Structures are given as structure tokens and as C-alpha cells.
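Heads up, the thing below is written out as C-alpha cells.
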Amino acid sequence: MFLQSIQWKDITTNRNYPFSLPIFEDFQSIHFLHPITIFIGENGSGKSTFLEGLAAACQLPTAGGAEVNDDPDLRHAKALADSFFIKWREKTRTGFFLRAEDFISFTKRVKQMRLEAEHQLNLIEEEYRHKSAHAKSLASLPHKRTLYELNHLYQNGLETRSHGESFLDFFQARIKPNGLYLLDEPEAPLSPMRQLTLISIILEAVQSGSQFIIVTHSPILMGIPDADLYTFDSHPPAKIDFEETEHVQITKQFLEAPQRFLKYL
Ligand SMILES: Nc1ncnc2c1ncn2[C@@H]1O[C@H](COP(=O)(O)OP(=O)(O)OP(=O)(O)O)[C@@H](O)[C@H]1O
């Protein structure tokens, strides 16, 4: 485990977003006691904003490799990070911060890298037709290496798989031992069965020393054994038991008798 706690420094008089969110009214601290912490709550309660601030405070890269602090869309995260005091058990920059939209741009980037490397190899084939094999091999090397690395990490290419399949491939390839992972709604493209697969990837990584902070609406992910759940419907966010969450209660009641609910919609 890496993160020990996050504390509020109360250094700003700014009352605009993100400081205007009700979760920050009396926020003091969150202590991370288990390797998996899960943030839940109603839409708009501030989970993503909080996670983005935490990613910026931890100086984690996004899944695509860019720095959270360099992303103009995440300027509010930087402001929030300045109000967070992070206490580390052991500092790390292994890991990443992942939002669903980052993943889509990431797969596009991987596809572009592959196409670009193939294009360059074709050009070299033409250009070096009358030159020595050694010169051609030297010119080809960086592009062949790019293709090798992409194939090694993602086999046939994330772009040739379905959204959910490529998302799981990505986790399998990129979640490493001893990393810190901040995941925002990773369930989005995954079927219930694939969410269980994601849980097994997460648990395996935890066994190897990794830590996860996850924002989710999925009752399946909320049920990860020994995870600490915090609800952002309380101000400040407070611990909640799995069985007490609205997500679990509503899902359970709905599945028991869908007609009863639909009558009132
Ligand atoms: N850049 C922004 N500027 C101003 N307000 C914002 C900005 N981003 C989000 N908000 C507002 O802050 C509130 C919290 O948004 P946030 O995305 O953190 O909620 P959330 O709990 O993650 O929601 P969801 O479960 O729907 O993803 C929302 O009311 C949203 O409209």
C-alpha cells in the first residue's frame, strides 16, 4: 500500500467549483486502511472531481501517459490538489489514473502508432531498395521495435477488439505489481462476467502490493471483498457497508420484482 491518508489543508477562500461541492464543506480526511477503496454516490455528488484532485496530488500519469497536471481539462484538479495534503506510506509513481474517455483516446493513439510504424516501414522499403541490407535494417529498427512492443503488450491490437474486450486486455497488460491505480467507473464497457474478471485482475494485483481507489456505480465492484466503501452522498464522504448502499438495495429489490418498480415510473 502506498497512500496512507488524504487531508484537507483549508488554505483557500475560493468558493467556486470544485470547492463549492457539498462534499468539501466539512471535509477533513480519508484514511486508506485497505488496499482497495471504493467511492460511491449519486450522479453529480463529486466522486470524479475528488478522484481527479487525488490523481493530480499524487502526480500520477493518466493511462495514456500524459500528466494529469498538464491536461487543460483538469485545471480544477490541480487547484484541488493544492488543498490536499497526501500522506504516503511509500511514495510511488508506478500506476495510473484512468477515465473511460482517456481509454478511448488511448486506443486511438495505439492504432495511430501502429499505422505510423507500418507506414514508415513501407517508405523505408521503397527508399532503401538500392541500398545495403545493413542500412535498411538500421533505418527500420525503431519502427520494428514500436510494432514489437505494441504486439507484445496488446497482441493483435486493442483496436481490433470490442470495447469491453480491449478494456480488459488493457488492464491485463498495464496493471502491474506495486502500483497505485485510480480508476473512474472502470465497469462502463464491461458485462457482469467481465466485471468479475476485472475483480480477479485487481485482487491479483493487490496480492502483489498494488493499491486501488475506484469510483463506481456497479454493485458488483462494490462487493469486492475487504474493500472500504465511502459514500459521497454524505457530506463529508463517510464509510458505508456494502449492504447499506442504495445501489445494492435498489438493484436487489428491482431484480426481485421488476414489475413493482415499473408501475411507479
Ligand atoms: N469543469 C466543471 N466546472 C464546473 N462544474 C463542474 C465541472 N465538472 C463537474 N462539475 C459539476 O460538479 C458536480 C460533480 O461532478 P462529478 O463529475 O465530480 O460528479 P460524479 O459524482 O463523478 O458524477 P457521476 O456519477 O455522474 O459521474 C456536478 O454537479 C458537475 O456538474
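Each value in this text was obtained by applying a stated rule to the coordinates, not by laboratory testing. Quantities reported herein were computed from a predicted structural model and do not represent experimental measurements. Here the Cβ positions follow ideal geometry from the backbone for every residue, glycine too, while neighbour counts run over all protein chains shown.
One table, with the values for the structure above:
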quantity	calculated
Karplus 3J(HN,Hα) series, Hz, for segment 45-58 with 6.51 cos²θ - 1.76 cosθ + 1.60 (x for Gly, Pro)	6, x, 4, 5, 4, 4, 5, 5, x, 5, 4, 5, 5, 7
The chain: most fluctuating residue of 89, 174, 194 per GNM, C-alpha cutoff 10 Å	89
Two-site FRET efficiency, residue 82 against residue 111, from Cβ-Cβ distance with R₀ of 45 Å, rounded to 0.05	0.80
Length added when fully stretched, residue 122-residue 239, from 0.36 nm per residue minus Cα-Cα	36.4 nm
Choice from 95, 44, 164 showing the highest fluctuation, given a GNM over the chain with Cα pairs closer than 10 Å	44
Under-5 Å amide H pairs with residue 38, H placed in peptide plane, nonlocal only	214, 228, 229, 230
Projected label distance in nm at residue 188 and residue 75, using a 7 Å step from Cα toward the beta-carbon	2.3 nm
Pairs from 87/239; 91/144; 87/144; 47/176; 111/239 whose Cα-Cα separation, in the structure shown, is over 31 Å	91/144; 87/144; 111/239
Note, ³J(HN,Hα) from phi for segment 199-212, Karplus 6.51, -1.76, 1.60, rounded to Hz, x at Gly and Pro	4, 5, 5, 5, 5, 5, 5, 5, 4, 9, x, 8, 10, 10
Simple label model, 7 Å out from Cα along Cβ direction - residue 14 to residue 42, nm	2.6 nm
Full-stretch length increase - residue 28, residue 93 - with 0.36 nm per residue and alpha-carbon distance subtracted	20.9 nm
Dipole moment magnitude, nearest 20 debye, segment 1-80 about Cα centre, only Lys, Arg, Asp, Glu C-beta charged	100 debye
Segment 230-247 - phi-based ³J(HN,Hα) in whole Hz, Karplus 6.51/-1.76/1.60, Gly and Pro as x	10, 9, 8, 7, 8, 10, x, x, 9, 5, 9, 7, 3, 5, 7, 5, 4, 4
Candidates 72, 237, 61, ranked by Gaussian network fluctuation over the chain, Cα under 10 Å, top entry	72
Considering only the chain, percent of DSSP beta bridges that pair antiparallel, nearest 5	35 percent
17 Å cut-off, amide nitrogen to a point 7 angstrom out along residue 251 Cα→Cβ, residues in segment 208-222	214-222
